[in-house]
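Novice: I'd like to ask you about the structure that follows.
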Amino acid sequence: MLGDIRAQPHHGSLDTLLSELEGSRATRAIMSSEDFEFLADRPSDLMRFEGRILSAGWTPIYLLFLRSPGSYSLSVFQELLRHRNPVHFSAFSDEVLARGTYRSRHNHVLHLDYDLFVAKWRAATKGELRIRSYDVAASERGIIAEFMRAIDAPARLGELRQLQLNASAAAVTDDMKATARQIEVKYLPTFMRQTGERVV
């Protein structure tokens, strides 16, 4: 859907997914991909996706985990490096501080202004959007437990062992931390508004 050069069509498509859903007796299905976020800046594709889901007789509910902007900026920058995006943290952070977004070399838009993201998403969709705080979930019961609660799954499924697989060993300098604090200060209000969290 994104036209990403990394996509491998032989693994399936939206048509494949809908065929699988049609042949299932399940009353709920979970589709999980961090790349769904990039559809916020492709409203026609997002509307087409939702339209296909609705036409197949399913009702979409979107679940969004938001992370505090400062720590997210450091984390997502490390992911950009891991995917060989040739960008310096200063250029990345300058764009984020100026626009609330960063456009990658794959033409994917990352949002750290969460008000902007949510407004774009809600403008293009009709399905319910459930927003959760990544930080609160991580500090309390854990991401899996919060995810299971958010989808109304049996509580015992939230007891699955959690292991972070994408931890980065790349260095985070003091300058990067200082800039991340600027991003935190600027966009923390959007995080609070969207998650209902309070500043402690």
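Novice: Select from segment 90-114 the residues that are more than 21 Å from Leu46 (Cα to Cα) and without any contact (Cβ under 8 Å) to a residue 40 or more places away in the chain and write down the one among them that is surrounded by the fewest Cβ atoms within 10 Å (Cβ to Cβ).
Specialist: Only one residue fits best here, namely Ala98.
Novice: Continuing with the same structure: Can you tell me which of Arg141, Arg84 is modelled with pLDDT under 90, exposed (fewer than 15 other Cβ atoms within 10 Å of the Cβ) and either at positive phi or not aromatic (Phe, Trp, Tyr) (or both)?
Specialist: One residue alone meets the criteria, Arg84.
Novice: Let me ask something else. Out of Ala56, Ala91, Ala26, Ala40, I need the residue that is of a type in the set (Gly, Ala, Ser) and in contact with a strand residue (DSSP E or B) (Cβ under 8 Å, 6 or more places away or on another chain). Which one?
Specialist: After applying the criteria, what remains is Ala40.
Novice: Still on this structure, please answer the following. Examine segment 22-37 for a residue that is more than 24 Å from Ile143 (Cβ to Cβ) and either touching a residue at least 40 places away in the same chain (Cβ under 8 Å) or in contact with a Pro (Cβ under 8 Å, 6 or more places away or on another chain) (or both), and state whether such a residue exists.
Specialist: No: segment 22-37 contains no residue that is more than 24 Å from Ile143 (Cβ to Cβ) and either touching a residue at least 40 places away in the same chain (Cβ under 8 Å) or in contact with a Pro (Cβ under 8 Å, 6 or more places away or on another chain) (or both).
Novice: Take the conditions at pLDDT 85 or above, more than 16 Å from the chain's Cα centre (by Cα), farther than 22 Å from Phe36 by Cα and surrounded by fewer than 16 Cβ atoms within 10 Å (Cβ to Cβ) and apply them to Val185. Does it pass?
Specialist: yes
Rundown of residues vs (1) out of contact with any Ser or Thr (no Cβ under 9 Å at 6 or more places or on another chain); (2) surrounded by fewer than 16 Cβ atoms within 10 Å (Cβ to Cβ); (3) modelled with pLDDT of 90 or more; (4) not aromatic (Phe, Trp, Tyr), yes/no style:
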residue	(1), (2), (3), (4)
His10	yes, yes, no, yes
Arg48	yes, yes, yes, yes
Tyr72	yes, no, yes, no
Leu80	no, no, no, yes
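Novice: While we're here: Is it the case, given these coordinates, that Ser33 is surrounded by fewer than 12 Cβ atoms within 10 Å (Cβ to Cβ), over 21 Å from the mean Cα position of the chain (by Cα) and either under 30 Å from Leu116 (Cβ atoms) or of a type in the set (A, V, I, L, M, F, W, C) (or both)?
Specialist: no
Novice: Follow-up. How many residues does segment 12-29 hold that are exposed (fewer than 10 other Cβ atoms within 10 Å of the Cβ) and not hydroxyl-bearing (Ser, Thr, Tyr)?
Specialist: 4
Novice: Considering only residues that are buried (at least 16 other Cβ atoms within 10 Å of the Cβ) and in a helix (DSSP H, G or I), which ones fall in segment 121-135?
Specialist: Passing the criteria: Trp121, Ala124, Tyr134, Asp135.
Novice: Also, quick follow-up: Looking at (1) surrounded by 15 or more Cβ atoms within 10 Å (Cβ to Cβ); (2) under 23 Å from Asp113 (Cβ atoms); (3) at pLDDT below 90, find the lone condition where Leu39 falls short.
Specialist: Status for Leu39: all satisfied but (3).
Novice: Within segment 79-126, how many residues turn out to be over 22 Å from Ala178 (Cα atoms), touching a helix residue (DSSP H, G or I) at 6+ places or on another chain (Cβ under 6 Å) and not charged (D, E, K, R)?
Specialist: Counting residues in segment 79-126 that are over 22 Å from Ala178 (Cα atoms), touching a helix residue (DSSP H, G or I) at 6+ places or on another chain (Cβ under 6 Å) and not charged (D, E, K, R) gives 7.
The values are calculated or read from the model by the stated rules, or taken from the named source; none is laboratory data. Remember, it's a predicted structure, so these values are computed and weren't measured experimentally. Quick reminder, even Gly has a Cβ in these numbers, built from the backbone with ideal geometry, and neighbours come from all protein chains shown.
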